[in-house]
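The block underneath contains the structure these notes are about, expressed in structure tokens.
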Amino acid sequence: MLPPRLAALVLTGVLSAACGGSSPALDLSGPTAGWDVTGGDPGATRYSPLTQIDRENVRFLAPAWTFHTGDVGGKDAAVPKTTFQATAILDEGTLYLCSPLNRIFALDPATGAQRWVHDAAPQITTRWAATCRGVAAWRDPRAAPDAACARRIFMGTMDARLVAVDAASGRACEDFGSGGSVDLTAGLGDLLPGEYYPTSAPAVVDDVVTLGALVADNRRVEPPGGVVRGFDARTGALRWAFEPVPPGTEPLAPAPDGSPRHHRGTPNAWSQFAVDPERGLVFVPFGGPSPDFFGGHRRGFDHYGSSLVALDGTTGRAVWRFQTVHHDVWDYDVASQPSLLELAVDGHPRSVVVQPTKTGHLFVLDRETGEPVFPVEERPVPQSDVPGETTSPTQPFPTHPPPLHPTGPISPDDAWGLTPWDRGHCRRQIEALRNEGIFTPPSLKGSVQYPGTAGGFNWGGGAWDPERGLFVLNQNRIAQVQTLIPRERVPDAPYPQIGPQRGLPYAIASRVLVSPLGIPCTPPPWGTLLAVDLRRGRERWQVPFGTVREMTPLPVPLRFGMPSMGGPIVTASGLVFIGAAMDDSLRAFDVETGEELWRADLPAGGQATPMTYRLDRDARQFVVIAAGGHASLRTRLGDALVAFALPAP
């Protein structure tokens with residue numbers, strides 16, 4: 001066996017040869033930086049000032065360490081399949097992340113060695129894929145630095161609890177709630193198994209921990225409500241609860257024990273929040289009222305549906321709201337985390353919030369008022385022909401930038417296929433469906449929905465390059481078919497593509513618009529990466545994102561572009577790092593041109609957002625991503641956290 005030092009030199013030489021030359025000397029002169037919340041900073045810009053990895057040396061990136069959580073579901077009926085979407089955070093010299101099965105890990109950021117693990121031991125009742133997108137850290141300014149739970153890590157669990165653990169030891173903070181956790185089901189009423197639980201990292205405003213939760217789509221007419229709550233970071237006591245009901249709605253009478261009760265069927269906020277610490281605001285992206293595809297029953301609960309809402313982090317009071325879709329019957333939740341930027345507008349700096357949406361729209365809003373910074377037009381859209389439904393006559397369309405996803409109808413002539421046979425099948429499908437472009441409502445004959453329910457832009461959001469004024473996002477371009485089925489025709493037996501929407505006159509049958517070969521009927525690319533010049537309000541570049549090499553029997557890297565989940569980050573050196581696509585890869589792109597500069601294989605699907613850090617002036621810069629796959633996208637499942645770096649000196 002070779003001595004360790006000699007083996008390392010040999011390995012470095014092999015890696016350098018594979019990359020096409022010897023690696024340059026490691027530059028230790030640049031800045032250091034961490035990544036202390038999942039979005040990189042409270043405002044979720046996903047920007048790092050690091051420069052050690054740049055456009056010249058990125059081709060020499062190689063795995064530096066890999067950590068395995070051991071949590072991969074789907075092996076037996078008792079544990080659901082897992083979707084590893086966590087973005088790790090770096091807090092005071094330790095990496096923290098959560099696994100899909102709600103274990104919190106603390107790791108050495110230089111080596112990936114485990115320091116501790118806390119198992120929240122949730123009761124597993126969900127039938128959906130288990131996921132946890134991240135944790136939040138908080139330091140108590142009143143506590144002695146070395147006191148137990150002076151620093152805390154917060155996480156939501158799949159059995160609807162908010163847990164707090166000591167950042168130093170991983171032990172539960174016993175003074176938080178009941179033995180270290182708060183029951184989030186309080187006041188919600190009856191719950192079906194797996195119907196309600198948080199999936200995204202909590203957000204901390206001063207000493208208040210805020211979070212919403214997933215509410216399972218399309219099961220019934222009055223599921224648990226989407227109340228957003230703020231809890232005392234020290235005690236777990238409820239500070240406030242924001243009910244997304246129309247202003248003036250009377251609160252429900254308290255429960256017999258005096259605890260608050262919350263309205264049912266209201267919009268929920270399952271995605272990631274952003275925080276403005278200076279203004280004390282938390283920005284909450286809401287989905288639509290449930291069920292998603294018929295709204296004749298909503299009684300005004302559309303008011304906060306599919307909206308971005310700014311809340312006072314101390315009181316939970318709504319400061320403003322901006323609705324991205326009126327009377328949403330397309331499942332166009334505001335899925336993307338908003339980003340808080342400083343943007344020059346007419347030569348003057350403006351504090352703005354940028355909100356991507358599933359419709360492929362990018363809204364730029366004033367951070368204090370919610371008013372559009374650039375004109376937003378209300379344009380006529382197709383109307384529903386379904387009895388009992390009344391859709392909005394107009395929908396908001398941004399003009400700066402204009403819509404970034406195609407908005408027109410898909411022509412039968414646009415039908416795509418690998419052969420004339422499957423192209424003909426796609427053409428006949430398109431001819432038979434209602435198909436009037438974006439906002440074509442669901443119908444009894446079946447309607448083309450383009451973009452589909454995955455977007456456009458989904459929960460990964462965007463990354464902001466302040467030096468170049470570019471906002472980078474990944475976008476899906478897949479169409480679906482939405483068909484409302486009268487109640488008397490709904491099959492009794494469960495059917496995977498039918499949402500029962502119990503209590504409504506219609507169920508919903510939803511499917512992807514594909515050929516008999518399973519190939520999308522829309523022309524490629526089916527996924528893109530793009531950069532928007534926010535100062536000028538126009539697209540700088542857009543490239544196909546992802547290949548079909550993992551989706552075909554032969555590893556052919558055809559650049560058709562593929563759907564993606566997860567998001568990008570940007571570094572000051574001009575690089576975009578992103579996993580997200582379905583081909584089990586992490587990539588680096590030139591932020592100015594969209595040119596792909598580097599790609600590395602991952603041990604499983606990388607449907608997560610990466611992060612990056614450099615600990616000190618003698619250290620290497622690491623790029624870290626969760627590679628554990630996405631059960632719904634059917635990418636390869638796993639449990640790896642992989643760190644990449646330039647070769648050590």
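The values are calculated or read from the model by the stated rules, or taken from the named source; none is laboratory data. No experiment lies behind these values; they were computed from the predicted model shown. Glycine gets a Cβ as well: all are built from the backbone with ideal geometry, and neighbour counts include every protein chain shown.
Quick check: anything in the stretch 122-132 in contact (Cβ under 8 Å) with a residue 60 or more places away in the chain, closer than 25 Å to P42 by Cα and assigned to a strand (DSSP E or B)?
yes
Looking at G561, G546 in this structure, which one is in a loop (DSSP other than H, G, I, E, B), crowded, with 22+ Cβ neighbours inside 10 Å, touching an Asp or Glu at 6+ places or on another chain (Cβ under 7 Å) and not charged (D, E, K, R)?
Criteria check complete, one pass: G546.
Matching residues to (1) surrounded by fewer than 18 Cβ atoms within 10 Å (Cβ to Cβ); (2) among the aliphatic types (A, V, I, L, M):
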| residue | (1), (2) |
| --- | --- |
| V345 | yes, yes |
| S351 | yes, no |
| T359 | no, no |
| Q383 | yes, no |
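Name the residues in the stretch 347-387 that are of a type in the set (D, E) and either within 18 Å of D331 (Cα to Cα) or more than 23 Å from the chain's Cα centre (by Cα) (or both), would you?
Residues satisfying the conditions are E368, E371, E377, E378, D385.
Filtering the stretch 166-196 down to residues that are farther than 16 Å from I104 by Cβ and among the hydroxyl-bearing types (S, T, Y), which residue is nearest to the chain's Cα centre (by Cα)?
Here the residue is Y196.
Looking at the stretch 428-437, is at least one residue under 24 Å from the mean Cα position of the chain (by Cα) and over 22 Å from H326 (Cα atoms)?
no
Which of the residues spanning the stretch 290-320 are closer than 22 Å to V481 by Cα, crowded, with 21+ Cβ neighbours inside 10 Å and in contact (Cβ under 8 Å) with a residue 60 or more places away in the chain?
Passing the criteria: S290, P291, D292, F293, F294, G295.
Go over the candidates L586, L646 one by one and state the one that is more than 24 Å from the chain's Cα centre (by Cα) and among the hydrophobic types (A, V, I, L, M, F, W, C).
Going through L586, L646 in turn, just one is more than 24 Å from the chain's Cα centre (by Cα) and among the hydrophobic types (A, V, I, L, M, F, W, C): L646.
Look through V623, V570 and report the one residue that is part of a strand (DSSP E or B), at pLDDT 95 or above and under 23 Å from S271 (Cα atoms).
Just a single option satisfies the conditions, and that option is V570.
Just one of (1) at pLDDT 95 or above; (2) on the phi > 0 side of the Ramachandran plot; (3) of a type outside the set (S, T, Y) trips up G503, so point out which.
The number of the failed condition is (1).
Taking L418 and the conditions (1) buried (at least 19 other Cβ atoms within 10 Å of the Cβ); (2) modelled with pLDDT under 95, which numbered condition does it fall short on, given that it satisfies the others?
Of (1) buried (at least 19 other Cβ atoms within 10 Å of the Cβ); (2) modelled with pLDDT under 95, only one is false for L418: (1).
Would you pick out the residues in the stretch 336-386 that are among the acidic types (D, E) and closer than 28 Å to G452 by Cβ?
E377, E378, D385, listed by residue number.
Can you tell me which of L586, L513 is under 30 Å from R487 (Cα atoms) and either modelled with pLDDT of 95 or more or charged (D, E, K, R) (or both)?
The unique qualifying residue is L513.
If a residue counts only when it is among the small types (G, A, S) and on the phi < 0 side of the Ramachandran plot, which strands (runs of 3 or more DSSP E) contained entirely in the stretch 290-391 have at least 1 such residues?
It comes to 307-312, 318-323, 339-345, 348-356.
From the list L575, L615, which residue is touching a residue at least 60 places away in the same chain (Cβ under 8 Å), surrounded by fewer than 24 Cβ atoms within 10 Å (Cβ to Cβ) and more than 16 Å from F84 (Cβ to Cβ)?
L615
With the structure loaded, tell me whether A147 is more than 22 Å from A318 (Cα to Cα), without any contact (Cβ under 8 Å) to a residue 60 or more places away in the chain and surrounded by 24 or more Cβ atoms within 10 Å (Cβ to Cβ) or whether it fails that test.
no
Let me spell it out: the conditions are (1) at pLDDT 95 or above; (2) more than 24 Å from R103 (Cα to Cα), and R220 meets all of them except one. Which number is the exception?
Among (1) at pLDDT 95 or above; (2) more than 24 Å from R103 (Cα to Cα), R220 violates only (1).
From the residues in the stretch 578-612 that are without any contact (Cβ under 8 Å) to a residue 60 or more places away in the chain and among the hydroxyl-bearing types (S, T, Y), which one is surrounded by the fewest Cβ atoms within 10 Å (Cβ to Cβ)?
Taking the candidates together, the pick is T593.
Out of all the residues in the stretch 74-97, which are part of a loop (DSSP other than H, G, I, E, B) and buried (at least 23 other Cβ atoms within 10 Å of the Cβ)?
Within the stretch 74-97, F84, Q85, A86, T87, A88 qualify.
Across the stretch 403-443, which residue is farthest from P524 (Cα to Cα) among those that are touching a helix residue (DSSP H, G or I) at 6+ places or on another chain (Cβ under 6 Å) and not in a loop (DSSP other than H, G, I, E, B)?
Going through the qualifying residues, I end up with E431.
Which residues, counting only those in the stretch 602-630, are among the polar types (S, T, N, Q) and within 17 Å of the chain's Cα centre (by Cα)?
Within the stretch 602-630, Q607, T609 meet the criteria.
For the stretch 201-225, which residues satisfy the criterion of being touching a residue at least 60 places away in the same chain (Cβ under 8 Å), under 18 Å from A318 (Cα atoms) and within 22 Å of the chain's Cα centre (by Cα)?
Passing the criteria: A203, V204, V205, V209, T210, L211, G212.
Of all the residues that make up the stretch 82-110, how many are over 17 Å from Q272 (Cβ atoms), at pLDDT 95 or above and β-branched (V, I, T)?
Going through the stretch 82-110 one residue at a time, the tally reaches 2.
R115 passes all but one of (1) in a strand (DSSP E or B); (2) closer than 26 Å to L184 by Cα; which number fails?
That leaves (2) as the condition not met.
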